[in-house]
Every structure is written in C-alpha cells, then in structure tokens.
Amino acid sequence: MGGEQAPRRRRNPRGQGQTLKAELVDAAARLLATLDRPETLTLRQVAREVGVAPASIYSHFPDLGALIQHVLRLRYAELARLMDEAAAPTAGPLDDLVARCAAYVRWGVGHPGEYRTLFGGRMPAELVPLQAHGAGEALLGSVITSLAGVRQRGGERSGPERQWRDGLLLWTALHGLVALYNDHGAIPWPPLDTLVADVLALHTGESAEKISARLPEG
C-alpha cells in the first residue's frame, strides 16, 4: 500500500539536538556498511532508520554528501587511532611498520562493511569528492615513513618520490589482501597473520619469520 512507515521517534528535549545528530551519523554509518549498494543511500533511508522526517536532517547536515563525509572522517580517525596505538609501544621502524600494517589488515577484515565504506571507491564524486579522503593520506604517510626507515637501516637510500611509490605498492598489497579476504572468504586462506608477514617480507627484505615474531597479539 503506502510503504513501510518509520517508527515515530520521541522528540529530543530542548538542548539535546546533538543526540539526534549522533543518531543520524550512526544510522548513515550502519547503512553504508550494510547496504548491498551503498552508493544508492538516500537521506530518506537515513531518516527512516532513525525514525524522523527527512527535513530534520537539514538542521545538522546541509545534504547527503556532508553526512557521508562526516562518517568517512570518523572511520578514518578510528583506523588511524588503532594504527597509532598499535605502533606506540614499538622501538624501531620495523616494529612500527609491522604494528601499523597488522592493525590496518585486522581492522579491515574485522570490519568489512566499514572498510568498504572507506576504500570501496563506489561513491559518486558529487557525494564524496577526492578531497574527502584526505585523512587517508595520513594513514599512507605513516606507512611510507616506517617503510623508508626499515630500508634505510638496511643501507638503502632513496628520495621522497621513490619512498612514496614503495609505500603505495605496499598499501596496494595490503588493500588487495583485505579486499580479497573479505570478498572470497570461502577460499581456504592461510592464517591472516601469516599473510601479513609474507607481504611485509616481500616489501622489506626481512624474513617472514622475523616479522611474524614482531606481530602484536590480537
């Protein structure tokens, strides 16, 4: 008949508008992570998920793009925090690199929908312009710095352009690992940490055994 009606949401008490904003962000993040086609997300879907009229959203976000970009910033901040926390107790560039990359892969496999939200690349440019992923550059930058430190300790000297390219290739390998692991879970994969160690061994020149011994628990 007229379609499913959203449950009526009790109005927030005066001064608690931020509660609605948080609920809208949570709903958008949940939908982006679970929809088969997240690029089709609409404000009406978000409003229905929260139980408010679509017009209520405009008090907090001017349009759908602004809401999605807010979600992206939160997810990037979450991943960056986890990578920084994993690397905090480390003593050298190899330990730093191993901790950061392990945290990245473990988060991506443990949160496939959220990972797809950040790195799936399916959002139209008018909703999510390239600059909206600027926080991802900091994540890549931390990997580039650690990888360059490892290689310099091994006697290699390279300029910024080469360091950037090396880091980009490593990130490409890690992203491919996460994406394939998430999309093809029926394959009899080796243990995830074994794959991480093998990838890092290829890109650092260190042995997989040495890297495995440095993998944080988790």
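In this structure, is Thr145 at pLDDT below 95 and open to solvent by 70 Å² or more (accessible area, probe 1.4 Å)? The answer is yes for Thr145. The residue that is surrounded by the fewest Cβ atoms within 10 Å (Cβ to Cβ), among those in segment 107-138 that are closer than 15 Å to Thr172 by Cα and either modelled with pLDDT of 90 or more or in contact with a His (Cβ under 8 Å, 6 or more places away or on another chain) (or both), is Phe119.
Restricting Val128, Val150, Val143 to those that are part of a helix (DSSP H, G or I) and within 17 Å of the chain's Cα centre (by Cα) reduces the list to Val143. Every residue in segment 91-105 that is out of contact with any Leu (no Cβ under 9 Å at 6 or more places or on another chain), surrounded by fewer than 21 Cβ atoms within 10 Å (Cβ to Cβ) and in contact (Cβ under 8 Å) with a residue 24 or more places away in the chain, please. Residues satisfying the conditions are Gly92, Asp95. Limited to segment 185-201, what total is found for residues that are over 16 Å from Ala103 (Cβ atoms) and either at pLDDT 95 or above or more than 20 Å from the chain's Cα centre (by Cα) (or both)? Number satisfying all stated conditions: 9. Count of segment 179-204 residues, restricted to those that are open to solvent by less than 70 Å² (accessible area, probe 1.4 Å), within 17 Å of Glu156 (Cβ to Cβ) and either part of a loop (DSSP other than H, G, I, E, B) or of a type outside the set (Val, Ile, Thr) (or both), is 3.
The values are calculated or read from the model by the stated rules, or taken from the named source; none is laboratory data. Quantities reported herein were computed from a predicted structural model and do not represent experimental measurements. No Cβ is skipped: glycine too gets one built from the backbone with ideal geometry, and neighbour counts run over all protein chains shown. Ligands, DNA and RNA are excluded from the accessible area calculation, which covers all protein heavy atoms including side chains. Shrake-Rupley method; radii C 1.70, N 1.55, O 1.52, S 1.80 Å.
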